[in-house]
Structures are given as structure tokens and as C-alpha cells.
Amino acid sequence: MTRQAYVNGVYVAADEATISPFDRGFLFADAVYEVTAVYGGQPIDLERHLDRLERSLKELKFGALPDRKELAEAHRKLIAANRISEGFVYTQVSRGAYGGRDFVAPDKPRLTTFLFAETKALLDVPAARNGIKVVSVADIRWGRRDIKATGLLAPVLAKTEAKAKGADDAWLVGQDGLVTEAGSANAWIVTKQGEIVTRALSHAILPGITRHALFDVLAQQGRKITERSFSIEEAQAAAEAFNTSAVALVAPVVELDGQPVGSGKPGPVTRQIQKLYYQAIGADVAKVAPWVNE
Ligand code: PLP
């Protein structure tokens, strides 16, 4: 089966998709993106991803938006054409190609819109089952991390450093000594008092769609989330910790800078949150992730 991708309104074989080397996404990382999880052949929280994409484009003053209905249709068509049951759809919108290199953004953008879809196991994966090891890395990113822009060198370096240290991910620490978020996920702790904590939204972090979804599922259970910052030391002393993102979903963090978090195993609150989130996206938990009940 030839993998299908979408470039500017045209469905093409992914290997044959072409974008100009003058594209501002390539020259300046003048582009934004979204990664939407697919489960049961359905895009998860697509409207929220499209809302965030539009917000990113408006914040960067693109002056134009891709057609929302067409983007939603492209998600569904790529999921069907590539027979994705579990995986993700990647969407990137750049300010386009102009045959040269000028820092100043053009008055009239010629957007480049690129989507591809990929099969990937999301639920029943070792990270979700056994948890992940994390190391702290200085957060050297720019000041508008609430915009989902493609300039991702800092997390590339942070995650590569984490891997070199034998860990699975990085937690980024700001100049104030507080955790901003993970390399490509929001960071959470559960204190010994049972408080579920994640950093408040601001320019310092990405407003995660999975983060937002957890607010909904936990509110339905009458559970409160405390939005505040925390340090690596507080996280190491916490009962539990976890990451959330569209592809990691809810990943228990069992080790932080070489210290076990809590028991060093995924904790009961994290397991409960995994279960609630998996159910919310339509998973038959007893079948696909029975370990959440262990
Ligand atoms: N924070 C950062 C820096 C990210 O890159 C991501 C996802 O890629 C997230 C948080 C989680 O966001 P979402 O739940 O929308 O995937």
C-alpha cells in the first residue's frame, strides 16, 4: 500500500510529496504544527487541535488560515487511505515559499499545508505499562511556548541528551528552577497528599490538548487539579508523576534524575487517570490495557 499524504489540497504518494526548499518553514521554521492521535480509526479531539492550530497562526500573524473543513476532511481521508486504526495525523502549516529569503513576513501569505498519517501503537506500549525514566535539562526555548511552532531544536537536544543518559525523556527546567514541561509533553505530579498538580497555562508552556482532556475526565469524577509550578526536588519527593501528550497519552514517570518517584512503579492515581482517559477515547480497557487495573 502506498502511503498517502496531503500537500496544498492534493493527495499524493508520501514519497513523492514535494515542498520548495525556499519554503519559509524550511528556511526560518516559520511554521506551526499539530499532532492528533488516532484511535479506533477516529481522530481524537480534532476540533481542539484545529482550534489550537488556528490560534498559533493568529498569534504569529499569518494573516490567513487554511480551510478548517478541508483540514478536518484531510484528517479523515488520510486515516482511511492509510488504514490507520491507532496512530496519529501530523499537520504542518508554513507561511509558504517566495523564491528567496527575506526575514520580513510577506503581506499575502501563500500557505504551505502538509499532512501525513502514521500507524503507531499508543495504548499498549511499554512506556504506558511500565513507565519512563526522565532527566532534567535546562529549558533553553523561546518565550512563546504556548504557540505550537516547528522550531524544535531545544527539545531535539534535550531528548537526545536524555537518551544519551539512558533516560526516555527530559523534563525542562526554567531559569526560576521550576519545571516548565517535558520535551514534548505536559508534566504532572501527584503529591503524597494526593493533590494532582500541573503547571498553569502561560507563555511558558504549550496548552496541551491531552492536558485539557484530563481536566474534563477528572472533573467528571469530582477530582480537582491544582495548577501551579513545581521543582524537580518536589517531583522527586512526590508520590507519582506522569506526562501527557497526543502520542504518549498518559505516561507514568517512574524515575527522575536517577531517583525513583514514589515506589518507582506507576502509581494508583496515574493508573486511574490512564484508565479514565483510555475510556474517554473509546478504548475497551479490559481488552487493550488490562494492566491499568493491576
Ligand atoms: N508540551 C510540549 C512542548 C509538546 O510538544 C506537546 C506535544 O507535542 C505537549 C506539551 C502536549 O500537547 P498535546 O497533549 O496537545 O499533544
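Where a number appears in this text, it was derived from the coordinates with a stated rule and is not lab data. In this text the structure is predicted, and so the values were computed from the model without any measurement. We place every Cβ from the backbone using ideal geometry, glycine too, and count neighbours over all the protein chains shown.
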Lys/Arg +1, Asp/Glu -1 at C-beta; the chain dipole; positive extreme among Gln274, Gly63, Leu249 = Gly63
From phi via Karplus (6.51, -1.76, 1.60), per-residue ³J(HN,Hα) for segment 172-179 in Hz, x at Gly/Pro = 8, 10, x, 5, 7, x, 10, 5
Amide H contacts under 5 Å for Ser136, restricted to residues at least 5 apart in sequence or on another chain and with H modeled in the peptide plane, are Trp171, Asp257
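In debye, nearest 20, what is the charge dipole magnitude of the chain about its Cα centre with +1 on Lys and Arg Cβ and -1 on Asp and Glu Cβ, if you could check? List each step's numbers first, then the result.
Details: 36 positive and 35 negative charges, 53 e Å.
The dipole magnitude comes to about 260 debye.
Using Cα-Cα distances under 8 Å and only pairs 6 or more residues apart, what relative contact order does segment 1-143 have, in percent?
Numbers: 221 pairs, mean separation 43.9, N = 143.
Taking the mean separation of contacting Cα pairs over the length of segment 1-143, I get 31 percent.
Can you give the local net charge around Tyr277? Use residues other than it whose beta-carbon is closer than 12 angstrom to its beta-carbon, Lys and Arg +1, Asp and Glu -1. List each step's numbers first, then the result.
On the way: positive: Arg211, Arg271, Lys275; negative: Asp45, Asp216.
With Lys, Arg at +1 and Asp, Glu at -1, the net is +1.
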Take every Cα pair under 8 Å in segment 126-293 that's 6+ residues apart, average their separations, divide by the length, and report that relative contact order as a whole percent.
-> 25 percent
Which angle from 0 to 90°, rounded to the nearest 10, does the C-alpha axis of helix 268-280 make with the longest principal axis of the chain?
-> 40 degrees
Per-residue ellipticity at 222 nm attributable to helices in the chain (runs of n ≥ 4 DSSP H, -39500 (n - 2.57) apiece, nearest 500 deg cm²/dmol) works out to -8000 deg cm²/dmol
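Lys108 to Glu161: extension gain in nm, 0.36 nm per residue of separation minus the Cα-Cα distance?
Details: separation 53, 0.36 × 53 = 19.08 nm, distance 3.99 nm.
Full extension from Lys108 to Glu161 adds 15.1 nm.
Kindly provide the trypsin sites (Lys or Arg not before Pro) of segment 1-64 that DSSP labels as loop, not H, G, I, E or B, and whose Cβ sees at most 12 other Cβ atoms within 10 Å.
Details: sites: Arg3, Arg24, Arg48, Arg52, Arg55, Lys58, Lys61; in loops: Arg3, Lys61.
In loop regions of segment 1-64 (DSSP not H, G, I, E or B), the sparsely surrounded trypsin sites (Lys or Arg not before Pro) are Lys61.
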Between the DSSP loop rule and a limit of at most 15 other Cβ atoms within 10 Å, which trypsin sites (Lys or Arg not before Pro) in segment 155-219 are left?
-> Lys165, Lys192
Mind checking the full-extension length gain between Glu59 and Ala13? Use 0.36 nm per residue of separation minus the Cα-Cα distance, one decimal, nm.
-> 13.3 nm
Coil-residue trypsin sites (Lys or Arg not before Pro) of segment 71-124, DSSP, other Cβ within 10 Å capped at 16 | Arg83, Arg101, Arg110, Lys120
Got the relative contact order for the chain handy, in percent, Cα pairs under 8 Å and 6 or more residues apart?
-> 18 percent
